[in-house]
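Down below is the structure, laid out as structure tokens.
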Amino acid sequence: MRKLAGVAVAVMLAVAPAAAMAQTGGLAAIEARQANFKTIARTFKTINDELKGSRPSLDTLRAAAAELRAASQKIPGGFPAGSGPETGAKTEALAAIWTNRAGFTEAANRHIAAVDALDAAVKAGDMARIRSATDAVGPTCKNCHDQFRLKK
Ligand code: ASC
């Protein structure tokens with residue numbers, strides 16, 4: 001009995017650091033993806049604001065679109081196992097991301113494709129195309145939020 005208890009304690013001592021490390025990894029992933037979504041919101045706002053002006057700067061649009069594209073591509077990798085609501089951390093990520101990974105990937109890829117099209121339009125310097133490509137991005141944000149983000 002005493003021996004068994006000793007084994008149990010030894011197992012707990014061995015497992016606890018692994019669990020703590022997994023928890024730390026989950027929290028780090030949450031922090032990283034939240035920062036990434038802030039980058040996405042900021043760069044998309046820069047683009048929308050620039051397009052409201054009388055003479056939009058292609059240089060500004062180019063830099064923002066490139067940064068937005070790089071950040072959008074990080075979305076699918078930002079939700080590793082163990083970084084969901086079960087961490088107890090402050091996250092708006094719904095468990096559906098992990099229970100419906102195919103649906104989440106589809107929604108993320110739809111956004112990435114829209115941002116790719118915007119980046120290509122900016123590189124082409126075609127203002128009409130830039131405007132329509134910009135308008136096509138917002139619905140891909142909303143589509144994913146509707147399914148996979150906690151409603152505020
Ligand atoms: C943004 C932003 C979002 C999306 C979303 C589109 O600018 O920060 O989360 O657009 O509002 O529906």
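The values are calculated or read from the model by the stated rules, or taken from the named source; none is laboratory data. From a predicted model like this one, the values you see are computed outputs, not experimental measurements. In this analysis, Cβ positions are derived from the backbone assuming ideal geometry, glycine residues included, and neighbour counts consider all displayed protein chains. Calculation scope for accessible area: heavy atoms of the full protein, side chains included, ligands and nucleic acids excluded. Shrake-Rupley method; radii C 1.70, N 1.55, O 1.52, S 1.80 Å.
Could you compute how much accessible surface Leu58 exposes when probed at 1.4 Å, giving the result in Å² to the nearest 10? Its heavy atoms expose roughly 60 Å² to the probe.
With no solvent and one equal point scatterer per Cα, compute the Debye intensity ratio I(q)/I(0) for the chain at 0.19 Å⁻¹ and report its log10, rounded to two decimals. Here the Debye-derived log intensity ratios amount to -1.09. These residues, Thr46, Thr134, go from largest to smallest accessible area, 1.4 Å probe, as Thr46, Thr134.
What FRET efficiency, computed as 1/(1 + (r/R0)^6) with R0 = 30 Å and r the Cβ-Cβ distance, is obtained for Ala124 and Ala35, rounded to the nearest 0.05? All intermediate terms of the calculation are to be shown ahead of the outcome.
On the way: r = 30 Å, r/R0 = 1.00.
Calculated transfer efficiency: 0.50.
Check the straight Cα-Cα distances from Lys38 and name the aspartates and glutamates below 12 Å, setting aside those fewer than 8 residues away within the same chain. Answer for Lys38, where 12 Å is the Cα cut-off: Glu67, listed by chain and number.
Of the accessible area of the chain, with the probe set at 1.4 angstrom, what percent is carbon plus sulfur?
Values: 5740 of 9110 Å².
It is 63 percent, rounded to a whole number.
Distance between the pseudo-spin-label points of Asn100 and Ala19 (7 Å out from Cα toward the beta carbon): 3.1 nm.
Using 23 Å as the Cα-Cα cut-off, could you pick out the over-long pairs in Lys52/Lys90; Lys90/Lys152; Lys74/Lys142? The partial results should precede the final answer.
On the way: Lys52/Lys90 34 Å; Lys90/Lys152 13 Å; Lys74/Lys142 18 Å.
The answer is Lys52/Lys90.
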